[in-house]
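Let me begin by presenting the structure, written as structure tokens, before commenting on it.
Nothing in this text is a laboratory measurement; each read-out follows from the coordinates by a stated rule. Fair warning: this is a prediction, and the values are worked out from it, not measured in the lab. Note that each Cβ is placed from the backbone with ideal geometry, even for glycine, and that neighbours are counted across all protein chains shown.
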Amino acid sequence: MDHNLTSLDSAAGPRPTLREIFGGFLGLGLISFGGALPLARRALVEQRRWLNAEDFTDLLGLCQFLPGGNVINLSVAVGMRFRGIPGALAGLLGLIAGPSLVVIGLGVLYERTQDDPHVRHLFAGLAAAAAGLLISMAVKILLPLRNKPMAALIAALGFIAIAIMRLPLLPTMLVLTPFSIYVASRSAQ
């Protein structure tokens, strides 16, 4: 297990400090209105190079399987990977500190302006932009799977089960996870 963590860490850029983990996730939390996953991928893979694309996809898959918000889980997992428990706390606190204050302020403002039609239109536009960011991130996450047809098949099965057939996430993951572990172990041989 330690060998895998070491090889994953060396596949990306330099190991971030606690301050860098906190600052990275604080910045991510402050700019990620409407959905943090697309921005998290860009920040962690493309800008900071803490993870490569494949490592991000693998870690995100684990974070999606765990209870709680995906990006929150990701902040904890990335911090834990590089700096242990202090890193996990730095990632989590960085991610939620600024946005919590902003959300409280916006909640107070919305309470006073919610009946204004301009405000309603603003929120409709923000929802559309968030959907676009989510689609963009999904495409980027799928790119590392283009040379792995079985992994792409598992992703497609998950999409069909959850998005089209409306099956619950937990039973879907309980079926697909052992299957994906089996496929990954066969491809590693």
Helix-derived mean residue ellipticity, 222 nm - over the chain, DSSP H n ≥ 4, -39500 (n - 2.57), to 500: -25500 deg cm²/dmol
Distance histogram for the stretch 148-189 (every C-alpha pair counted, 10 angstrom bins, percent rounded to whole numbers): 30, 52, 17, 1
Ranked PHE159, PHE123, PHE22, criterion: other C-beta atoms within 10 Å, fewest first: PHE123, PHE159, PHE22
Largest-first ellipsoid semi-axes for the stretch 41-101, taking √(5λ) over the Cα gyration tensor eigenvalues, angstrom: 17, 14, 12
For the chain, built as a Gaussian network whose Cα springs stay under 10 Å, the top-fluctuating residue of MET137, MET173, MET165: MET165
For the chain, Kirkwood radius (reciprocal of mean inverse C-alpha pair distance, Å): 18.2
Charge context of ARG146, other residues only, Cβ under 12 angstrom, K/R +1, D/E -1: +1
Gaussian network model of the chain, Cα within-10 Å springs - most flexible of LEU95, LEU74, LEU18: LEU18
